[in-house]
Structure formats: C-alpha cells, structure tokens
Amino acid sequence: MKVAVVILNWNGKALLERFLPSVIAHSSGASIHLVDNASGDDSIAFVKNAYPQINIVENSENGGFAKGYNDGLKHIEADVFCLLNSDVEVTPNWLNPILNAFDSLPNAGIIQPKILDLKRKEYFEYAGAAGGFIDKLGYPFCRGRIFQVLEKDEGQYDDIKEVFWATGACMFIKSDVFKLLNGFDEDYFAHQEEIDLCWRAKNAGHKVFYVGESKVYHLGGSTLENMNPKKTFLNFRNSLYSITKNLPRKKALFIIFMRLLLDGIAALRFIFQFKFSHCIAILRAHLSFYANFRKLYKKREKANFILNYYSTTSIVWSHFVHQVKNFNILVKD
C-alpha cells in the first residue's frame, strides 16, 4: 500500500521542530506531507529549509481540522492517508502493524494505533487512548480513558479490536473510503468530526479498528486544552450534530431530547464548580445546534443506519454514579 503521512499545521513551527524528527526517522516507505492552514508564522519556511523531502500543501485559509484536511488531501495521492497531529511523536515500526492489519482485515476502512501520553508515557492519552466508543446517548469514551480518568498502560489493550471511532490525532483511513464519505463534515470545524466520519463509515459498511502493536505518543492540548470553554462548546454541539445525522429519525429525536436534559445537568455542575464560562459554552452549543438543525437534518446519510452502535447504555451513569473508571469493568470483552 502507498501510505501518505499528512500533518495539518497552523502556526506550529515549535511543534514541527520538536516532532518532525521522529516522523522522518520512523516512516520509511511513506511519503510525508505538510498541509498548512494559512499559518502566519514561518513554519513553512522552516520545513522547506530543514526537510526539503516533505511535500507542502498550502491552504488559502484556516478552515480548522475538517476543512483543512479536506482541502489538503485533494492534492495528495495514496492508498492510505495517515492523518497525524503535529504534536505526535511516533515510534520505530509504527507503520507496519497498521498496514498488516489493513491487509488481513479487508473490511477495515479506518485504523488507529495505541495513543499514549507523551508527558506520562506509561499512561494512555485523552485523545483516542486504545480506541473510541460511544454510549447509547452518544457520549464518547475510550478504552483506557473514561471522561478525565486515564488508565495506566499495562498491556491490557495490546490487541487488535474493532472499535466505534478512531482518534483524529493519528487516524489511518483508506483514501477511497475518505473520498466516498466526502471527507470530514466542515460544519464541525474541529472536535468530534472524526467520530462523525467513523460513524458514517460504519453506516456505509466499513469497519474501524485499533491496533495495539503500533504506538505513538501524543502531547495533547496543543490546539485547545481539554477544559477550554471553546472545546466544551465544540464537543457538546458537535456530539448533537453526529446524533442528528447518523441515527434513524425517531431514535435520533429521542436521544437528542435526553441529551439536552443531561447537558443542562452538566451546565449546572459547571456552575457549582464555579466554571461559569463552560456553562455558557453549553448554552451556546445548544443555540448553535438549534440554528443549524434543519441544515443538519438534510445531511442525514442515505445508507442503512447501524443500530448496535453503542457499547453501554450510559457512560455518565456508570462513571459518575457507580464510579466506574476502567473500561474493562464497564464493558466485558
């Protein structure tokens, strides 16, 4: 397979200086591309001078993660795209286990490696961990990460497993699948567009896998910190977007109603924690969702909707009421 490692960049010279060496050293056989989202720093000049072997695609505007990749990938030819964050340190032999999995799993359209925390290398990292799942109400979580609780990597997820979604921090996707799905939904701008892409891929008959033999280290928080109000806004809004688009109509409307109620409880929780900006972010997320509902409804996929999309009924109830912090306690393999 012809593999293109594609790094999206916006004013990220410092990150490129730090993380490109590992990508160059450990990605033999793959082409490496930088898609620049109209950066205002000198990151393009740095890459041209330091790494002339890297192909550079210059987007005309900063369209965020979704539009940035959609625009950039139009100029790159490969069998498999590896969408790699600029703050990821890759390891020796990170590519081969993924490519072997594509060869042995013909229905695999999307694959992610093990995502570990660069700051605490023995722990899983927030953005993807050991593969993503959602509950019945559409709340995302991971093997190795439930809400803000991160598990220590003790080999418990050294496997190949079908998952529901793969992280956008390091996502391998067949180029024909990406094109079939028309790429990311640009209305998301950033955050959870990878969940929507994977959900649409599964509705279209493709599978998403995690391969534990391949591992990378993610710095995380380089674009928005986990508890940034803007990220709260995007995550709450975009999760409602995905439910609207990817479930049968009656089920989607019921789950949206339940989510709006639970989001209100989350907003109250933020008030009690004196995190008023996050409460306001949830309100803004709901208002944006209402304003865009008709547009979203028209995007609903024509494919058959999968009904066995969730791994547990309520991750919120399990975690906050029953204090479940470990995936293997929550969901039995």
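Read the figures in this text as sums done on the coordinates, not as results from a lab. These numbers come from a predicted model, not from an experiment. Note that each Cβ is placed from the backbone with ideal geometry, even for glycine, and that neighbours are counted across all protein chains shown.
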Residue exposure sequence - T313, T167 - by fewest surrounding Cβ within 10 Å: T313, T167
Proxy reagent accessibility, fewest Cβ within 10 Å first, across V3, V88: V3, V88
Net charge contributed by nearby residues that have their C-beta within less than 15 Å of L116 (K/R +1, D/E -1): -2
Spatially near lysine pairs across the stretch 229-330, Cα under 29 Å, sequence gap of 8 or more or different chains: 29
Qualifying lysines (Cα of each under 19 Å from Cα of K161; at least 8 residues distant if same chain): K114, K152, K174, K202, K207, K215, K332
Mean-position separation - Cα centroids, the stretch 1-76 and the stretch 173-239, in angstrom: 18
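If you place +1 on the Cβ of every Lys and Arg, -1 on the Cβ of every Asp and Glu, and leave all else neutral, what size is the dipole of the chain about its Cα centre, to the nearest 20 Debye? Spell out each step's value before the answer.
Details: 40 positive and 34 negative charges, 308 e Å.
The dipole of the chain has a size of about 1480 debye.
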For the stretch 189-195, 3J(HN,Hα) per residue [Karplus equation, 6.51 cos²θ - 1.76 cosθ + 1.60, θ = phi - 60°, Hz, x = Gly/Pro]: 6, 7, 6, 6, 5, 6, 5
Among F236, F274, F141, residue whose mean-square fluctuation peaks in a GNM of the chain (springs only between Cα atoms under 10 Å): F274
Ranked list, fewest to most other Cβ atoms within 10 Å of each Cβ, for K48, K298: K298, K48
